[in-house]
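What follows is one structure encoded as structure tokens, with my remarks underneath.
The values are calculated or read from the model by the stated rules, or taken from the named source; none is laboratory data. Predicted model, so just to flag it, every value in this text is computed and none were measured. Every residue, glycine among them, receives a Cβ derived from its backbone with ideal geometry; neighbour counts consider all protein chains shown. Accessible surface areas use protein heavy atoms only, side chains included; no ligands, DNA or RNA. Shrake-Rupley method; radii C 1.70, N 1.55, O 1.52, S 1.80 Å.
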Amino acid sequence: MAGQLLLNRSCSSSAATFHNGTPYFCRKFNFLPFSTHPLNWVSGISSRIQSRKHFEVFSSNGFPLNALSLQDEQVPLTELGSAEATVSITVIGASGDLAKKKIFPALFALFYEDCLPENFIVFGYSRTKLSDEELRSMISTTLTCRVDKRENCDAKMEHFLERCFYHSGQYNSEDDFAELDYKLKEKEGCRVSNRLFYLSIPPNIFVGVVRCASVKASSTSGWTRVIVEKPFGRDLESSSELTRCLKKYLTEEQIFRIDHYLGKELVENLSVLRFSNLVFEPLWSRNYIRNVQFIFSEDFGTEGRGGYFDNYGIIRDIMQNHLLQIIALFAMETPVSLDAEDIRNEKVKVLRSMRPLQLEDVVLGQYKGHSKGSKSFPAYTDDPTVPNDSITPTFSAAALFIDNARWDGVPFLMKAGKALHTKRAEIRVQFRHVPGNLYKRNFGTDMDKATNELVLRLQPDEAIYLKINNKVPGLGMRLDRSDLNLLYKAKYRGEIPDAYERLLLDAIEGERRLFIRSDELDAAWALFTPLLKELEEKKIAPELYPYGSRGPVGAHYLAAKHNVRWGDLSGDD
């Protein structure tokens with residue numbers, strides 16, 4: 001009996017005190033002598049851990065998530081003994097559209113798939129006065145059972161909503177965040193507290209929220225992390241100032257700058273396609289690739305978001321972040337490993353190798369009103385939140401060049417626009433002509449039809465297809481372009497997770513590969529800031545294009561200047 005202990009869960013209590021002096025009682029375990037079966041309780045805990053699907057989940061870099069992080073230092077589960085942890089996720093700006101349409105549904109999807117820890121709570125925080133029940137009612141209308149609508153959807157939703165709570169407060173009030181801290185501790189109990197704050201708020205109040213959360217509501221026993229939504233400033237100067245202010249209260253390892261395009265399935269698959277297929281990696285250079293196109297188009301206008309959009313424009317809203325991040329992933333050298341820092345190091349090298357953008361390599365556009373049959377479409381300046389004399393571009397095309405040995409001379413064309421003829425986001429890789437092509441007579445004068453093209457369609461209907469030349473069956477020698485096509489919805493039966501699901505899970509697990517590092521952000525802004533300042537100083541007016549068209553004519557001249565034809569205008573997709 002001596003030296004043998006039995007864990008008695010009818011524990012005694014000891015008191016702890018919160019910031020306002022209120023005692024909070026924390027249960028402790030009593031250890032009592034026993035004579036037999038000393039390890040039964042250990043095997044019980046072990047079996048429960050093994051049964052949780054959460055510990056079988058792999059992070060986006062392919063490694064198993066088998067460690068918990070204390071203050072962002074990895075500690076294996078075995079070293080934590082029987083200590084349990086709670087992950088507390090606080091959505092700042094919980095009453096906003098992003099929170100309701102994306103963040104809460106993503107958290108529910110993770111819960112539905114058993115990807116969240118066994119102990120987790122979700123808090124909404126905003127200035128709007130709401131009760132817990134009112135928050136649950138508000139977000140329940142946007143939650144969906146993405147995986148299988150027929151299986152336990154209502155029960156899962158009810159259990160998820162039971163974990164959701166609300167606290168109303170000002171964004172710059174330390175007292176209000178202290179009250180939030182009290183409520184968080186009340187729900188966390190005696191477990192290790194890991195806290196994730198998602199800032200779904202305008203950037204002008206980031207620093208105030210981070211200050212209050214850091215001083216009054218950060219974890220004292222586990223890690224604290226903060227997800228920051230774009231825009232990360234308006235230019236290099238404001239972005240650097242924002243980073244400097246955030247780092248007064250957080251380390252770089254605690255800041256997760258989110259770009260949801262990096263969480264899209266086809267962007268994730270880009271490095272897999274290149275680095276794990278021998279057929280592509282040897283071709284991934286100026287020797288075989290003629291140009292690369294990054295295309296983003298929406299078939300709708302600002303639709304009430306004009307007030308926000310007019311302060312930033314399409315270059316800051318789409319090109320400087322979403323498209324530039326994809327270019328960096330596409331063009332980077334092979335990283336040493338799949339570790340986050342190794343990958344981000346290579347992305348920074350690409351961004352620093354890019355030639356400064358010149359005004360003559362940029363085209364601006366703004367959509368105008370247009371009538372089609374009996375239906376009329378408004379102009380950008382018809383939006384009541386947009387000034388009548390606004391010259392903010394809703395479309396832009398640009399040619400970028402990477403001055404390194406792999407990509408020297410290869411034009412990287414990007415274009416992004418609103419109110420265009422279709423909705424799409426894709427990467428198009430156009431290969432060089434076949435030297436001395438024996439079949440060039442069969443293509444006539446249009447040699448572009450003889451070139452191969454690899455297309456990664458990010459949205460809608462995710463797909464990868466390769467355009468090849470093929471003989472049409474028959475007695476003659478007639479060639480045709482055919483597609484080797486991987487259509488995701490035909491190949492894979494399961495629904496593709498939303499980008500926010502992947503990124504939230506990675507933030508919870510401390511995986512930073514798909515988040516933007518501060519020097520990476522500086523390099524991106526350094527590329528665009530001189531151009532943006534020149535555009536604003538010269539007050540360059542955008543070329544008008546009809547709502548629902550293919551964009552301004554200037555974009556075609558820009559492509560032709562670099563001997564390129566936009567791949568999305570060929571009409572054979």
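Here are a few things to note about the model shown:
- One residue alone among 413, 420 is touching a residue at least 12 places away in the same chain (Cβ under 8 Å), touching a helix residue (DSSP H, G or I) at 6+ places or on another chain (Cβ under 7 Å) and surrounded by 12 or more Cβ atoms within 10 Å (Cβ to Cβ), and that residue is 413.
- Of the helices (runs of 4 or more DSSP H) lying entirely inside segment 127-193, those carrying at least 2 residues that are in contact (Cβ under 8 Å) with a residue 60 or more places away in the chain and open to solvent by 50 Å² or more (accessible area, probe 1.4 Å) are 174-188.
- Selection status of residue 408, in a helix (DSSP H, G or I) and open to solvent by 20 Å² or more (accessible area, probe 1.4 Å): no
- Criterion (among the small types (Gly, Ala, Ser), within 23 Å of residue 199 (Cβ to Cβ) and crowded, with 20+ Cβ neighbours inside 10 Å) met by exactly one of 238, 219, 297: 219
Every residue, every condition in (1) in contact (Cβ under 8 Å) with a residue 12 or more places away in the chain; (2) under 21 Å from residue 397 (Cα atoms); (3) part of a loop (DSSP other than H, G, I, E, B); (4) not assigned by the TED database to the domain that holds residue 106, yes or no:
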{"position": "266", "(1), (2), (3), (4)": "yes, no, no, yes"}
{"position": "273", "(1), (2), (3), (4)": "yes, no, no, yes"}
{"position": "319", "(1), (2), (3), (4)": "yes, yes, no, yes"}
{"position": "322", "(1), (2), (3), (4)": "yes, yes, no, yes"}
{"position": "333", "(1), (2), (3), (4)": "yes, no, yes, yes"}
{"position": "336", "(1), (2), (3), (4)": "no, no, yes, yes"}
{"position": "342", "(1), (2), (3), (4)": "no, no, no, yes"}
{"position": "347", "(1), (2), (3), (4)": "yes, no, no, yes"}
{"position": "350", "(1), (2), (3), (4)": "yes, yes, no, yes"}
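- For the criterion of being touching a residue at least 40 places away in the same chain (Cβ under 8 Å), of a type outside the set (Phe, Trp, Tyr), touching a Lys or Arg at 6+ places or on another chain (Cβ under 7 Å) and surrounded by fewer than 18 Cβ atoms within 10 Å (Cβ to Cβ), residue 114 passes.
- Subset of segment 385-436 (residues that are β-branched (Val, Ile, Thr) and under 27 Å from residue 458 (Cβ atoms)): 392, 394, 402, 410, 422, 427, 429
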